[in-house]
Amino acid sequence: MLPKCFFNVNFVSNFDREQCKQLKTNDMKKLVIAVAVLFSGVIFAQDAKPVLEPFGSKVKATYFYENGQVQQEGYFENGKLEGIWVSYNEAGDKIAMGEYDAGVKTGKWFFWSQVDGKNSLSEVDFSSNKVEKVKSWRQDAFVNSNE
């Protein structure tokens, strides 16, 4: 089980803030890396054939869930992932978006999720397929200043 500080910015626990911050960073990096690998692997682990469409020098690929919803869409160029790729859940909500350059993850990637009914967003900076930095936000972490 993760400590309370992992889920809530305003916490009271035996962890001091620096320990918790380091714990959150390490755990989030592991979590985001696992999610990124999962979404990257989904492209190659699907039974259904994608819909492929020529798009200039690229080929647009669209993968679908069994229920007909779009699962992922993006481009290939010279047989490698290229440009913006977007992933969706079975309900059609966007859950991931990132960019490939000649098959290598690069730039900012975004991962949307929901934990305990609260929305969260993770921003992951990639450089040469490696995680450089992770930032995460949760809906309950923001305080309404009008109260």
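The values are calculated or read from the model by the stated rules, or taken from the named source; none is laboratory data. Note that this is a predicted model, so its numbers are computed, not measured. Counting neighbours? That spans all protein chains shown, and the Cβs are built from the backbone with ideal geometry, glycine included.
Here are the numbers:
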{"read-out": "Complete set of residues in the stretch 60-103 that are over 20 Å from the mean Cα position of the chain (by Cα) and surrounded by 17 or more Cβ atoms within 10 Å (Cβ to Cβ)", "value": "GLU77"}
{"read-out": "Scope the stretch 86-121; condition at pLDDT below 95 and touching a helix residue (DSSP H, G or I) at 6+ places or on another chain (Cβ under 6 Å); matching residues", "value": "LYS118, ASN119"}
{"read-out": "Sole exception among (1) modelled with pLDDT of 95 or more; (2) on the phi < 0 side of the Ramachandran plot for GLY83, by number", "value": "(2)"}
{"read-out": "Pairs, first closer than 14 Å to TRP112 by Cα in the stretch 64-92, second acidic (Asp, Glu), C-beta under 6 Å, six or more apart", "value": "VAL86/GLU73"}
{"read-out": "Boolean, ASP140 is more than 26 Å from TYR65 (Cβ to Cβ) and part of a strand (DSSP E or B)", "value": "no"}
{"read-out": "Some residue of the stretch 44-51 being surrounded by 14 or more Cβ atoms within 10 Å (Cβ to Cβ), farther than 17 Å from LEU121 by Cα and modelled with pLDDT of 65 or more", "value": "yes"}
{"read-out": "Matching residues in the stretch 104-125 - criterion: being in contact (Cβ under 8 Å) with a residue 40 or more places away in the chain, part of a strand (DSSP E or B) and exposed (fewer than 14 other Cβ atoms within 10 Å of the Cβ)", "value": "VAL115"}
{"read-out": "Which listed residue, of GLY103, GLY92, is of a type outside the set (Phe, Trp, Tyr) and touching a strand residue (DSSP E or B) at 6+ places or on another chain (Cβ under 6 Å)", "value": "GLY103"}
{"read-out": "The lone exception for SER113 - which of (1) in contact with a Lys or Arg (Cβ under 6 Å, 6 or more places away or on another chain); (2) over 23 Å from PRO50 (Cα atoms) it fails", "value": "(1)"}
